[in-house]
Amino acid sequence: MFNANNYFKKLENELRKYFKILSPEFPDFLIPYIETQTMERLKDVGYFCGMDYASEDIYDFKYYFSRLDHSIATALIVWDFTNGKTQTLASLFHDAGTPACSHAVDYAFDDAENQEITEIYLVDYLKKDAKLIEQLKKDGIALEAVANYKNYPLVDCDRPKLCADRIEGLFSNNMIWTQELSLSEVKELYEALCLRENEDGDLEFCFIDEDKAYRLVELNGIINKYWHSDEDYYFMMLLGKMIRDIVDIKAVTREKLHDMIDAEVFKIIEELSTHDSYLASLYYEFKNLKKVEPQINRLPIKIRDIKPMVFKKRNFRR
């Protein structure tokens, strides 16, 4: 049985401190939900879309960061600003149905530009977890209220607005992948955030400091260069092709990917590579390639822009 205490004991020290910045007091009501099978799976689904398994000459992550880590961090942001249980749980579950290898599945099925093919109807997905449903009943919270996270702009909203998911993604990507962001700067940026009503009448995360707002925009630009690099494009396409291949030969179904972890996908790829020369060549490149050539005639991929408010103004001086 998955134990939250063991999870926190094994957590990277930097992540433990990071969580503390996002919420000085950890909300204990989250523990039973973290210990469900739904959330346990996410500890073995990497946030970086299977690239933890890729060539170390291409990717150099500071440490492993899971979808569970990201989900908890996002929930802590929402809790810290709202103290609302339902919104906090909605943020905890927002990635619950993410498939193994995450957005590489979007690349597998020709949705690199929108990256929405991996989204599923979360109500039906969460219904399969009896412990989760039982805990919601104990807490008097409707399943639909926590599954429909897009109903909460602080959890998820359209770009270029800021939401907890987007803020956390910028923090963790720049701490762990680009390594451009220190914990001390995370704290400074986080403490410069507040909630204000935006032009649509919704509460939104905004800044009280123009310089901090500009810094977040700068960090968004840095990680965007990584996302749009030839290296990341090529490797996401590589893994996408491998996933498409194992689905096409019926080694796994697209639906099943939402119940799997990354290691299970790579185990299938490794086993099939012993007698599938096409898959073997892709997998060898994925594990061993040292340099990616310029990618000509690339397919369009997702553009991730942000335009944070400073107090109530969307446009600031820079």
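Mind checking whether some residue in region 9-22 is more than 27 Å from E185 (Cα to Cα), touching a residue at least 24 places away in the same chain (Cβ under 8 Å) and part of a helix (DSSP H, G or I)? Among the residues of region 9-22, not one is more than 27 Å from E185 (Cα to Cα), touching a residue at least 24 places away in the same chain (Cβ under 8 Å) and part of a helix (DSSP H, G or I), which makes the answer no. Candidates are the residues of region 96-134 that are in a helix (DSSP H, G or I) and crowded, with 18+ Cβ neighbours inside 10 Å; the one that is farthest from the chain's Cα centre (by Cα) is L132. If the condition is being under 22 Å from Y226 (Cβ atoms) and surrounded by 11 or more Cβ atoms within 10 Å (Cβ to Cβ), then region 283-293 contributes E285, F286, K287, N288, L289, V292. Of all residues in region 137-193, those being within 17 Å of T98 (Cβ to Cβ), in a helix (DSSP H, G or I) and hydrophobic (A, V, I, L, M, F, W, C) number 3. Among residues of region 158-187 that are farther than 24 Å from N114 by Cβ, those with a Cβ under 6 angstrom from a residue that is not in a helix (DSSP H, G or I), sequence gap 6+ or separate chain, pair up as M175/L181; I176/F61; I176/K62; I176/F65; Q179/K62. When restricted to residues that are free of Cβ contacts under 8 Å to residues at least 40 places away in the same chain, part of a loop (DSSP other than H, G, I, E, B) and within 22 Å of D248 (Cβ to Cβ), region 261-306 contains 3. Being in a helix (DSSP H, G or I) and either without any contact (Cβ under 8 Å) to a residue 60 or more places away in the chain or in contact with a Lys or Arg (Cβ under 6 Å, 6 or more places away or on another chain) (or both) is the filter; apply it to region 48-74 and report the residue that is nearest to Y233 (Cα to Cα). So the residue we want is R67. Reported count of residues in region 20-60, each being surrounded by fewer than 16 Cβ atoms within 10 Å (Cβ to Cβ) and closer than 27 Å to F286 by Cα, is 3. Here S91 qualifies as crowded, with 16+ Cβ neighbours inside 10 Å, at pLDDT 95 or above, under 14 Å from the mean Cα position of the chain (by Cα) and of a type in the set (S, T, Y). Annotation: of all residues in region 278-318 being among the hydrophobic types (A, V, I, L, M, F, W, C) and more than 30 Å from I243 (Cβ to Cβ), the one that is modelled with the lowest pLDDT is F316.
The values are calculated or read from the model by the stated rules, or taken from the named source; none is laboratory data. Computed from a prediction, not measured in an experiment: that's the story for all the values here. So basically every Cβ, Gly included, is an ideal-geometry build from the backbone, and we count neighbours across all protein chains shown.
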